[in-house]
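*Asks:* Shown below is the structure under consideration.
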Amino acid sequence: MFGLKSNSLFSDTKKLEREIDGFVDILSEVGLVFKSVVPTYLNHSANGKFDEMVEKVKEMESKADKITKEVEHTLYEETLIPDARSDVLRLLEHMDELIGMYQGNCYHFSIQKPDFPKEFHQDLIDLTDTVVNCVEALCLTVRSFFRDIKTVRDNGHKVTFYEKESDIKFSALARRIFDSELPLDQKIHLRYFVEKIDRICDHAEDIADEVQIYAIKRSV
């Protein structure tokens, strides 16, 4: 079950619990793959492993779309408290956008092939790790919304923490890039990739705020 009866959004949650857990699992797994995608691209992009990872993200995104349709069907079979159906559908839609952002970043690396000098590799990897940690904290926030609504705020706070860390790392790396001796067009190109990764955190924080609003609605 998702938790205490008084905090449950649904009358019979077993099927829905499995479906939503499956969706959140995919979001988490895509993040873990992306965490390896960036260093793999920077260090071993020519050996085919990078392309395999990009394809794996694509496959997981397709699985997430399938689960979304299953959840939509199940939601219309449930007895719901007011607004619960629309809240859950909106939440799934926004989490699916996060998966799309991961996938989009993979495609951008694959197609545009940015040339990051070695001196920026570790900073980019550190930024990516922080972004993935942010989304992992969001996954905990979403799970707590369905299982133990009282813990939503604590987990949401972690999302905010990582989002701020990501902003700091993004700003520092962008500044280093523009302080370098690289040509201006390459500086702009590299900054574009750094910013696209950082934006994942911004979206994760927006979703965490959304979940906390939903939690307040369910608590009153």
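What follows is calculated from the coordinates using simple rules that are stated; it is not laboratory data. Please read all numbers here as calculations on a predicted model, not as lab measurements. As a convention, Cβ positions derive from the backbone with ideal geometry for all residues, glycine included, and neighbour counts pool all protein chains shown.
*Asks:* Scan the chain and note any complete DSSP helix (H) whose C-alpha atoms cover at least 30 Å along its axis and whose Kyte-Doolittle average is 1.0 or more.
*Replies:* For the chain, where a helix must reach 30 Å along its axis and average at least 1.0, there are no hits.
*Asks:* Follow-up question, since we're still on this one. What order do you get for Phe145, Phe116, Phe170, Phe23 when you list them from fewest to most C-beta neighbours inside 10 Å?
*Replies:* Values: Phe145 28, Phe116 19, Phe170 22, Phe23 25.
Least crowded to most crowded, the residues run Phe116, Phe170, Phe23, Phe145.
*Asks:* Report the gain in length on full extension from Gln122 to His157: 0.36 nm times residue separation, minus Cα-Cα distance, nm rounded to one decimal.
*Replies:* Details: separation 35, 0.36 × 35 = 12.60 nm, distance 2.65 nm.
Length gained between Gln122 and His157: 10.0 nm.
*Asks:* Oh, and also: Can you give the local net charge around Asp129? Use residues other than it whose beta-carbon is closer than 13 angstrom to its beta-carbon, Lys and Arg +1, Asp and Glu -1.
*Replies:* -3
*Asks:* Within the set of other residues whose C-beta is less than 12 Å from the C-beta of His44, count the net charge using Lys and Arg as +1 and Asp and Glu as -1.
*Replies:* -1
*Asks:* Measuring from a point 7 Å past the Cα of Arg176 along Cα-to-C-beta, which residues in the stretch 127-164 have an amide N at less than 14 Å?
*Replies:* Backbone N within reach: 127-130.
*Asks:* Report relative contact order for the chain in percent, whole number only (criteria: Cα-Cα under 8 Å, sequence separation at least 6).
*Replies:* On the way: 235 pairs, mean separation 59.2, N = 220.
Over the chain, the number comes to 27 percent.
*Asks:* Using a simple spin-label model with points 7 Å from Cα along the Cα→Cβ vector, what separation in nm is obtained for Lys187 and Lys15?
*Replies:* That separation, rounded to one decimal, is 5.8 nm.
*Asks:* Here's another thing I want to ask about it. Using the structure shown, select from Lys15/Lys217; Lys66/Lys118; Lys49/Lys187; Lys113/Lys164; Lys49/Lys150; Lys15/Lys196 the pairs with a Cα to Cα distance greater than 32 angstrom.
*Replies:* Details: Lys15/Lys217 24 Å; Lys66/Lys118 40 Å; Lys49/Lys187 27 Å; Lys113/Lys164 28 Å; Lys49/Lys150 42 Å; Lys15/Lys196 36 Å.
In this structure, Lys66/Lys118; Lys49/Lys150; Lys15/Lys196 exceed 32 Å between Cα atoms.
*Asks:* Moving to a separate point now. How would you rank His189, His44, His203, going from fewest to most other Cβ atoms within 10 Å of each one's own Cβ?
*Replies:* Listing His189, His44, His203 from fewest to most nearby Cβ atoms yields His44, His189, His203.
*Asks:* Quick check on the exposure proxy: order Glu163, Glu181 from fewest to most C-beta atoms within 10 angstrom.
*Replies:* Glu181, Glu163
*Asks:* Within the stretch 162-183, whose backbone N sits under 17 Å from a point 7 Å along Cα→Cβ of Asp115?
*Replies:* 177-178, 180-183
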